[in-house]
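**Q** One structure coming up, written as structure tokens, with questions to follow.
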Amino acid sequence: MNRRQFIRDVLLWSAGATLAVPRLTIPAEVRAEELPASPLLAVAKGEDYAALVTRVLQPLGGMGRFVRAGDRVVVKPNIGWDRSPEQGANTHPQVVQAVVRQALAAGANKVLVFDRTCNEQRRCYANSGIERAIAELNDSRAVIEHIDQRKFVPVEIAKGKALTRWEIYKDALDCDCYINVPVAKHHGLSRLTLGLKNTMGVIGGNRGSIHRDLGQSLADLATVVRPRLTLIDATRILLDNGPQGGNLADVRRIDTLIASVDPVAADAYATTLFGLSPADIASTVAAHKMGLGEMALDRINVVEA
């Protein structure tokens with residue numbers, strides 16, 4: 001089943017017009033065409049985060065490559081924790097604002113920003129600074145949305161090994177362009193939380209049960225939730241006591257952004273910021289084995305923007 005039919009089934013299920021659970025099958029040859037053997041990955045450093053987003057996207061063709069006029073776009077940051085930007089637990093609000101602004105400038109009809117938070121949602125949205133950053137754009141097309149439990153859709157994960165069915169947020173499935181904007185940080189269970197782990201913010205159900213086989217579960221979810229662009233926020237990286245953090249002594253400011261169309265390559269490169277290798281992260285290994293992207297650093301075309 002192709003993606004167009006899958007989205008149609010998501011809409012029909014959401015409207016109550018069918019009881020059939022949406023199912024997306026991704027042929028291996030399609031993925032091979034979408035993700036080249038030597039994926040391009042851009043890295044940029046600087047203290048002006050709005051300019052930094054522009055610079056890191058330039059080698060990839062700019063935001064116009066990913067967002068077309070009239071598109072309905074989802075920008076998915078990490079807003080999971082009741083923490084300030086300085087504490088490095090959430091995506092930096094200036095990075096999120098810059099991504100949303102560029103999507104609007106590229107002609108997006110609507111840009112949705114949301115996360116299924118771990119701490120109380122209103123406090124997370126407010127104290128992360130992301131709610132204010134979206135409001136400062138003063139554009140009715142940019143919406144920070146509080147999660148609506150009625151919008152989770154059961155999806156059959158055809159290629160899943162650990163997960164064969166899970167509830168996924170409708171807006172993450174039926175948007176024209178999904179942009180993943182995670183923060184790079186330590187995680188007590190998975191060692192790091194990067195792009196693949198950020199998908200936890202668009203799934204329903206008992207997320208804790210996924211941790212039994214977290215690496216493979218995240219890879220399974222990546223066969224359905226497929227970002228057109230992954231932009232990893234490493235402006236401040238949380239080195240210990242993640243994912244929630246709280247102690248500024250655990251945070252290192254490195255003012256870095258990483259961008260790629262290959263979500264596995266983005267995660268693979270980001271591990272090096274922590275003195276680790278891609279093989280140390282189970283989700284990276286599992287996703288690579290499933291043909292979802294490249295993890296070998298010597299096969300990734302890294303461009304410093």
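**Q** Subtract the Cα-Cα distance of R207 and R165 from 0.36 nm times their separation in residues, and report this length gain in nm to one decimal.
**A** 13.8 nm
**Q** Cα gyration tensor of the chain, axes a ≥ b ≥ c as square roots of the eigenvalues: rounded (a/c below 1.5), prolate (a/b > b/c) or oblate?
**A** rounded
**Q** Pull out the extension gain between I254 and R65, defined as 0.36 nm times the separation in residues minus the alpha carbon to alpha carbon distance; nm, one decimal.
**A** 65.3 nm
**Q** Shifting gears a bit: What net charge is computed for the residues neighbouring V251, neighbours being all others with C-beta under 13 Å from the C-beta of V251, Lys and Arg scored +1, Asp and Glu -1? Mind dumping the intermediate values first?
**A** Values: positive: R83, K185, R236, R252, R253; negative: E86, D233, D240, D250, D255.
Net charge in that neighbourhood comes out at 0.
**Q** Still on this structure: Tell me, what is the FRET efficiency for R72 and A135 to the nearest 0.05, using R0 = 25 angstrom and their Cβ-Cβ distance as r?
**A** Between R72 and A135 the formula returns 0.80.
**Q** Report the calculated FRET efficiency for K289 and K45 (r = Cβ-Cβ distance, R0 = 41 Å), to the nearest 0.05.
**A** Numbers: r = 32 Å, r/R0 = 0.77.
Efficiency, from the Cβ-Cβ distance: 0.85.
**Q** Of all DSSP beta bridges located in the chain, what percent are antiparallel, nearest 5?
**A** Among the beta bridges of the chain, antiparallel pairing accounts for roughly 50 percent.
**Q** A follow-up question, please. So which of K151/K185; K170/K197; K110/K185; K110/K170; K76/K185; K110/K151 end up more than 24 Å apart, counting from Cα to Cα?
**A** From the list (K151/K185; K170/K197; K110/K185; K110/K170; K76/K185; K110/K151), the Cα-Cα distance tops 24 Å for K151/K185; K110/K185.
**Q** If you consider only alpha-carbon coordinates, what radius of gyration and Dmax does segment 53-162 have, in Å?
**A** 15.1, 44
**Q** If I take R0 = 45 Å and measure r between the Cβ atoms of V303 and Q149 in this structure, what FRET efficiency does the formula 1/(1 + (r/R0)^6) give, to the nearest 0.05?
**A** Step by step, r from the Cβ atoms, then E = 0.60.
**Q** Round to the nearest 10 and report in Å² the accessible area of S38, as given by a 1.4 Å probe over the protein chains' heavy atoms.
**A** Using a 1.4 Å probe on the heavy atoms, I get roughly 70 Å².
**Q** Provide the per residue accessible area, probe 1.4 Å, for the chain, rounded to a whole number of square angstrom.
**A** Here the per-residue accessible area is 40 Å².
**Q** For every helix of n ≥ 4 consecutive DSSP H residues, a contribution of -39,500 (n - 2.57) applies; sum these over the chain, divide by its total residues, and give [θ] at 222 nm rounded to the nearest 500 deg cm²/dmol.
**A** After summing the helix terms and dividing by the residues of the chain, the value is -7500 deg cm²/dmol.
**Q** Can you pull the percent of segment 234-305's accessible area that's carbon plus sulfur, 1.4 Å probe, other chains left in place?
**A** For segment 234-305, the apolar C and S fraction of the accessible surface comes to 46 percent.
The values are calculated or read from the model by the stated rules, or taken from the named source; none is laboratory data. Quick caveat, the model's predicted, so the values are computed rather than measured. Here Cβ is always computed from backbone atoms with ideal geometry, including for glycine, and neighbour counts include all displayed protein chains. The protein model used for the area step is the full one, side chains on, heavy atoms only, and it has no ligands, DNA or RNA in it. Shrake-Rupley method; radii C 1.70, N 1.55, O 1.52, S 1.80 Å.
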